[in-house]
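Quick notes on the structure that follows.
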Amino acid sequence: MKNDIIEKAEQVIANTYKRPPIVIEKGMGCRVWDTKGKSYLDFVAGVAVCSLGHTHPRVVKAMCRQADILFHVSNLYYTVPQVKLAEWLVENSFADKVFFCNSGAEANEAAIKLARKYFNGNSKEERFRIISMERSFHGRTMATLSATGQNKVKKGYDPVLEGFDFIPFNDVKALADKIDNSTCAVLLEPIQGEGGLWCPDPGYLKEVRRLCDEAGALLVFDEIQTGIGRTGKLFAYQHFGVEPDIMTLAKALGNGLPIGAMLAKEHVASAFVHGSHASTFGGTPIITSAALEVLKVLSEEKVVDHCERVGEYFRQRLMWLKSKHSSIVDVRGMGLMLGIELDVEGEPVVNECLDRGFLVNCIQGKVIRFIPPLIISKQEIDALVSCLDDIL
Ligand SMILES: *Cc1c(COP(=O)(O)O)cnc(C)c1O
């Protein structure tokens, strides 16, 4: 199955990714094609990124329109698309201010820096510790891997950044025991993604909010994967009646163009002053034009409502699969961020799906994750479910 491009890749691309032997060449909607012309229904969506599907015509048009006008001038100057995108995000979330960057890890870097800066000079005690969760994932830069609760991400990079404490997710008592006046923030994903698709227990996030308020610590939600409609609401925090002080976004915000954002309440955001933080590319016109169009399509075409509906349908189909196959031990997730945990290794199942024309991905060895474009149809879900039924 090897072809020239794959052989060349082995020679010239850093060896950080294990990939199946296909080369993907084009995409449209929920489908991609490889260089041999074989098509695949895409339940990975570039890791929860291409929520409107591949090459969405309105996003393509918005980007091309801006390409004719201005790509980039840096943040030494004001630009219109950046301001419009920030305005949309502020109007549709808890937040008052936005800082733009280029990836999820960078958004979390900004959140970590802001949380520390907020207490620097603003508190009698030295407050820089951040409480994070076991099994969490926050990125691959030095600060964000230090914040990540998975050893495999940190292995080989010692010494990691100081000041992170880890407790189990969904454990209120562990948080109550750990949080004190050395804690500047509690950082968590409302639904843990890479760590295995773990949802918060009823009432858990409200308790986390309460404990943060009592201790005077900030609450930071990493919504890089859960945000922008993925869970059936625009932001996952809206399911739980809890607002954070800081929230990070990335993945689906640009539908495939690289963008990250760190959002915060005014009193917190104001700890950043001229020169506190910066990014050359962050919020550049060509990307923010496309991202604004992504958000317009999302709301005008009621994509989030669709996600909630078909997500529930998908979940029921997976529960049906579980009732039929004892190899499925759990069905987890919300909206179109779903997974099945198997009692065997997931990789052979992923490879079988690939052969049959479906992209799915495996996390934590045994969890098959489904994070398709939010525009996926019931028929397409049925096609995958019957493929899985057959394989299992
Ligand atoms: C993907 C992800 C990140 C890292 O995003 P990058 O763009 O790869 O840096 C951080 N947090 C969560 C929850 C993610 O899912």
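We did not get these values from a lab; they are worked out from the coordinates using the rules stated. Everything numeric here is computed off the predicted structure, so don't read it as measured data. Virtual Cβ from ideal backbone geometry, glycine too; neighbours counted across all protein chains shown.
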Completion exercise
Projected onto the charge dipole of the stretch 57-103 (unit charges on the beta-carbon of Lys, Arg, Asp and Glu, signs +1, +1, -1, -1), the Cα from V73, C101, P57 with the largest positive-side position is that of P57
Problem - For the stretch 353-369, Karplus couplings with θ = phi - 60° (6.51, -1.76, 1.60), whole Hz, Gly/Pro x - result: 4, 4, 4, 8, x, 10, 8, 9, 9, 10, 10, 6, x, 10, 9, 8, 9
Practice task
Give the angle, between 0 and 90 degrees and rounded to the nearest 10, that separates the Cα long axis of helix 80-91 from the longest principal axis of the Cα atoms of the chain.
Solution key: 80 degrees
Exercise for the section: Search the structure for amide H atoms under 5 Å from the amide H of V329, placed 1.01 Å from N in the peptide plane, and list their residues when 5 or more places away or on another chain. Expected result: E341, L342, D343
Handout entry: For the stretch 279-325 and the stretch 1-20, distance of Cα centres in Å
Key = 30 Å
Fill in the blank from the handout: Quick calc, the stretch 285-353, dipole around Cα centre from Cβ unit charges on Lys, Arg (+) and Asp, Glu (-), nearest 20 debye, gives 260 debye
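Quick one: which of 314-322, 42-50 comes out on top by average Cβ neighbours within 10 Å, and what's the full order, highest first? Show your work: numbers first, answer last.
Working: 314-322: 18.1, 42-50: 23.0.
Result, highest mean first: 42-50, 314-322.
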Completion exercise
Reduced to Cα centres, the span from the stretch 330-377 to the stretch 64-120 in Å works out to 32 Å
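Given an 8 Å cut-off on Cα distances and at least 6 residues of separation, report the relative contact order of the chain as a percent.
Working: 783 pairs, mean separation 87.3, N = 392.
After rounding, I find 22 percent.
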Completion exercise
Across 5 Å bins beginning at 0, the whole-percent shares of Cα-Cα pair distances in the stretch 274-392 come to 2, 10, 18, 19, 14, 9, 9, 8, 5, 3, 1, 0
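Full extension from R210 to N351: what is 0.36 nm times the residue separation minus their Cα-Cα distance, to one decimal in nm?
Using 0.36 nm per residue and subtracting the Cα-Cα distance, I get 46.3 nm.
Peptides 270-277, 243-250: what's the order by average Cβ count within 10 Å, highest mean first?
Those peptides, ordered most packed to least, come out 243-250, 270-277.
Enter the mean projected area of the convex hull around the alpha-carbon atoms of the stretch 85-184, in nm², rounded to one decimal. Show your work: numbers first, answer last.
Values: hull surface 31.0 nm².
Averaging across all directions leaves 7.8 nm² for the Cα convex hull.
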Practice task
Go ahead and collect, in residue order, the members of the stretch 253-291 whose backbone nitrogen is under 11 Å from a label point 7 Å along the Cα-Cβ direction of H72.
Solution key: 280-287
Handout entry: GNM flexibility winner over the chain from S323, S39, S377 (Cα, springs under 10 Å)
Key = S323
Practice task
Towards the positive end of the charge dipole of the chain, with charges on Cβ (+1 Lys, Arg; -1 Asp, Glu), say which of G195, T284, L218 has the farthest Cα.
Solution key: T284
Handout entry: For the stretch 69-132, size of Cβ-based charge dipole, Lys and Arg +1, Asp and Glu -1, in debye
Key = 240 debye
Practice task
Kindly provide the pair-distance distribution of the chain built from C-alpha pairs, with 10 Å bins from 0 and whole-percent values in order of increasing distance.
Solution key: 5, 22, 32, 27, 12, 2, 0
Practice task
State to the nearest 20 debye the size of the charge dipole of the chain about its Cα centre, where the only charges are +1 on K and R beta carbons and -1 on D and E beta carbons.
Solution key: 500 debye
Fill in the blank from the handout: Ranked output for segments 361-373, 219-231, 197-209 by mean other Cβ atoms within 10 Å, highest leading, reads 219-231, 361-373, 197-209
Completion exercise
Largest fluctuation, E106, E301, E341 only, Gaussian network model of the chain with Cα springs under 10 angstrom, belongs to E301
